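Peer 1: Below is a structure I'd like to ask you about.
The values are calculated or read from the model by the stated rules, or taken from the named source; none is laboratory data. Quick caveat, the model's predicted, so the values are computed rather than measured. Counting neighbours? That spans all protein chains shown, and the Cβs are built from the backbone with ideal geometry, glycine included. Heavy atoms of the whole protein, side chains included, go into the accessibility calculation; ligands, DNA and RNA do not. Shrake-Rupley method; radii C 1.70, N 1.55, O 1.52, S 1.80 Å.
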Amino acid sequence: MKEIGVGMVGYAFMGRAHGNAYRQVPFFYPELPVKPVMKAICGRTKEAVDAAATQMGWQEAIYDFDELLERDDIGLIDINTPNNVHVPMAIKAAEAGKHIICEKPLAMSVEEAEAGLAAVQKAGIVHMLCHNYRRIPAVWMAKQMIESGVLGQLYHWRATYLQDWLMDPSAPLFWRTQKEVAGSGALGDLMAHSIDLALWMMGDISRVSAAWKTFVKKRPKLVSTDGGLGGGGAEELGDVTVDDATLSLAEFSNGAIGSFEATRFAPGHKNSNCFEINGSKGSIRFNLERLNEIEYYNAEDDCKEAGFRTILSSDGCHPFQGLPGGGPRFWPAGHNIGYEHTFINTIADLMEGIAKGVSPNPNFEDGVKIQKVLAAVEKSCVDGQWAEV
Ligand code: SOE
């Protein structure tokens, strides 16, 4: 088996999710043509990077991104930083000839996303954007059902992505509350995932009409610099410059219409990423909090027996769940998988892509399309009008 050295930037929540995936992928995907080797993790705060390297099993800790790029034994750069440095880092990595996986959203603007795409295309490297929810077996199956015509003509897309972790008004300002670092709030952080799934399953969006709200407009300035919600306690308040919640209507090019809701202010919803699709022949619906299941209604069923059925997508016949020679990839049917497997499946497809020299979906091209929808939603929120994508 060939190997590729990985250099990962960032060690917070997403860094942990990606780091775990690199560790696990050779175990669950023994057939991979290329195996990742966890060469180095990179960040600016020495103690934190050192601790992350030890905990996750990276061979080295590096404190300078340029040093990571100089390493000949590193062929893949994994970017888990705040959003404002995604593209600048991706451009540098591409110029250094490294393959790239980057956290979402790709960029701060459409222009920046296009510059990132131009750089990876010019360099001819493999690129991927981490929208891990595509690679949930149930979600991948939903896409296959649509492609095979099970739902018929598509009429409706309905997505809600609800969380509640930022509701406490004493939670301090940090990068996710600052437009110049995050680009936007619930819009780019949460709705970006729903937009990615919608574009993938329903096709292009032609126009949107949206509204957003910031409920807590001022927060304590952050004292600590741990990159998360730790710290706070400062007397001085600063402005929250992103949306706490965004809602949007959408028209798709295929004639379907849709709605999106993304919020960090829905008590009780920890990571409730749901969608429902209605077509001429039936409906499907998905809820991340029950990620092993997809619900399906067949409009052609006999009236007496018709109803939503719950399909447990954990058998060898379901996407990602079986080994090529037969048998379960993870666990036997019904021994369910979780959040971390979405990243393991993503990294496995990235390794296949690197072996073949093909950028897996979603990649920077998809990133540009998502960014165009994000920009249109933002424009509509500001102008109070429908916005063309
Ligand atoms: C935000 O809370 C967050 O961590 C997002 O940044 C991730 O993309 C999402 O998958 C889970 O929630």
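Peer 1: Test Leu151 against the criterion of being open to solvent by less than 30 Å² (accessible area, probe 1.4 Å), outside any helix (DSSP H, G or I) and over 15 Å from His318 (Cβ atoms), and give yes or no. If you could, list the steps in order and put the result at the bottom.
Peer 2: Working: open to solvent by less than 30 Å² (accessible area, probe 1.4 Å): yes; outside any helix (DSSP H, G or I): yes; over 15 Å from His318 (Cβ atoms): yes.
Criteria met by Leu151.
Peer 1: Shifting gears a bit: With the structure loaded, tell me whether Pro26 is away from the ligand (no atom under 16 Å from the Cβ), open to solvent by less than 10 Å² (accessible area, probe 1.4 Å) and within 30 Å of Pro332 (Cβ to Cβ) or whether it fails that test.
Peer 2: Details: away from the ligand (no atom under 16 Å from the Cβ): yes; open to solvent by less than 10 Å² (accessible area, probe 1.4 Å): no; within 30 Å of Pro332 (Cβ to Cβ): yes.
When the stated conditions are applied, Pro26 does not pass them.
Peer 1: Which count do you get for residues in the range 246-262 that are open to solvent by 10 Å² or more (accessible area, probe 1.4 Å) and within 22 Å of Ala171 (Cβ to Cβ)?
Peer 2: 1
Peer 1: Tell me, please, whether a residue that is at positive phi and open to solvent by 10 Å² or more (accessible area, probe 1.4 Å) can be found in the range 117-132. Write out each step before concluding.
Peer 2: Residues of the range 117-132 at positive phi: 124.
Filter once more, so that each one left must be open to solvent by 10 Å² or more (accessible area, probe 1.4 Å): 124.
The answer is yes; a qualifying residue exists.
Peer 1: Within the range 358-382, can you find the residues that are more than 14 Å from the chain's Cα centre (by Cα), outside any loop (DSSP other than H, G, I, E, B) and closer than 19 Å to Thr346 by Cα?
Peer 2: Of everything in the range 358-382, just one residue is more than 14 Å from the chain's Cα centre (by Cα), outside any loop (DSSP other than H, G, I, E, B) and closer than 19 Å to Thr346 by Cα, namely Glu365.
Peer 1: For Asn292, which of the numbered conditions (1) open to solvent by 20 Å² or more (accessible area, probe 1.4 Å); (2) under 20 Å from the mean Cα position of the chain (by Cα); (3) touching a residue at least 12 places away in the same chain (Cβ under 8 Å); (4) away from the ligand (no atom under 15 Å from the Cβ) fails to hold?
Peer 2: It fails just one condition, (1).
Peer 1: Could you list, in sequence order, the residues of the range 57-78 that are surrounded by fewer than 24 Cβ atoms within 10 Å (Cβ to Cβ) and not in a loop (DSSP other than H, G, I, E, B)?
Peer 2: Result: Glu60, Ala61, Ile62, Phe65, Asp66, Glu67, Leu69, Glu70.
Peer 1: To continue, here is another question. Can you find a residue that is under 27 Å from Gly188 (Cα atoms), over 24 Å from the mean Cα position of the chain (by Cα) and surrounded by fewer than 23 Cβ atoms within 10 Å (Cβ to Cβ) anywhere in the range 90-109? Show your work before the answer.
Peer 2: Filtering the range 90-109 down to residues under 27 Å from Gly188 (Cα atoms) leaves 90-95, 98-109.
Then drop every residue that is not over 24 Å from the mean Cα position of the chain (by Cα), which leaves 95.
Pick out the ones that are also surrounded by fewer than 23 Cβ atoms within 10 Å (Cβ to Cβ) and you get 95.
Looking through the range 90-109, at least one residue is under 27 Å from Gly188 (Cα atoms), over 24 Å from the mean Cα position of the chain (by Cα) and surrounded by fewer than 23 Cβ atoms within 10 Å (Cβ to Cβ).
Peer 1: Would you confirm whether any residue within the range 137-145 is open to solvent by less than 40 Å² (accessible area, probe 1.4 Å), under 14 Å from Ala198 (Cα atoms) and either in the same structural domain as Ile91 (by TED's automatic domain parsing) or not small (Gly, Ala, Ser) (or both)?
Peer 2: First, the residues of the range 137-145 that are open to solvent by less than 40 Å² (accessible area, probe 1.4 Å): 137-139, 141-143, 145.
Okay, now just the ones that are also under 14 Å from Ala198 (Cα atoms), so 139, 142-143.
Among the residues that remain, those that are also either in the same structural domain as Ile91 (by TED's automatic domain parsing) or not small (Gly, Ala, Ser) (or both) are: 139, 143.
There is at least one residue in the range 137-145 that is open to solvent by less than 40 Å² (accessible area, probe 1.4 Å), under 14 Å from Ala198 (Cα atoms) and either in the same structural domain as Ile91 (by TED's automatic domain parsing) or not small (Gly, Ala, Ser) (or both).
Peer 1: Looking at (1) surrounded by 14 or more Cβ atoms within 10 Å (Cβ to Cβ); (2) modelled with pLDDT under 95, find the lone condition where Gly325 falls short.
Peer 2: Of (1) surrounded by 14 or more Cβ atoms within 10 Å (Cβ to Cβ); (2) modelled with pLDDT under 95, only one is false for Gly325: (1).
Peer 1: Output the number of the condition that Gly152 fails; it satisfies all remaining conditions of (1) more than 15 Å from the ligand (Cβ to nearest atom); (2) on the phi < 0 side of the Ramachandran plot.
Peer 2: (2)
Matching residues to (1) at pLDDT 95 or above; (2) in the same structural domain as Leu288 (by TED's automatic domain parsing):
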residue: Ala113; (1), (2): yes, no
residue: Val120; (1), (2): yes, no
residue: Ala159; (1), (2): yes, yes
residue: Ser170; (1), (2): no, yes
residue: Glu180; (1), (2): yes, yes
residue: Asp189; (1), (2): yes, yes
residue: Ser194; (1), (2): yes, yes
residue: Val208; (1), (2): yes, yes
residue: Thr214; (1), (2): yes, yes
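Peer 1: Right, here's the next one. In the range 174-227, how many residues are hydroxyl-bearing (Ser, Thr, Tyr) and within 13 Å of the ligand (Cβ to nearest atom)? Before the answer, list the steps.
Peer 2: Quick first cut of the range 174-227, residues hydroxyl-bearing (Ser, Thr, Tyr) only: 177, 184, 194, 206, 209, 214, 224-225.
Keeping just the survivors that are within 13 Å of the ligand (Cβ to nearest atom) gives 177, 184, 194.
Residues flagged as hydroxyl-bearing (Ser, Thr, Tyr) and within 13 Å of the ligand (Cβ to nearest atom) within the range 174-227 amount to 3.
Peer 1: Could you give every pair whose Cβ atoms fall below 9 Å, whose first residue belongs to the range 162-185 and is without any contact (Cβ under 8 Å) to a residue 40 or more places away in the chain, and whose second residue is assigned to a loop (DSSP other than H, G, I, E, B) and among the β-branched types (Val, Ile, Thr), counting only separations of at least 6 or pairs across chains?
Peer 2: Close Cβ pairs (under 9 Å, with a partner that is assigned to a loop (DSSP other than H, G, I, E, B) and among the β-branched types (Val, Ile, Thr)) amount to Asp168/Val216.
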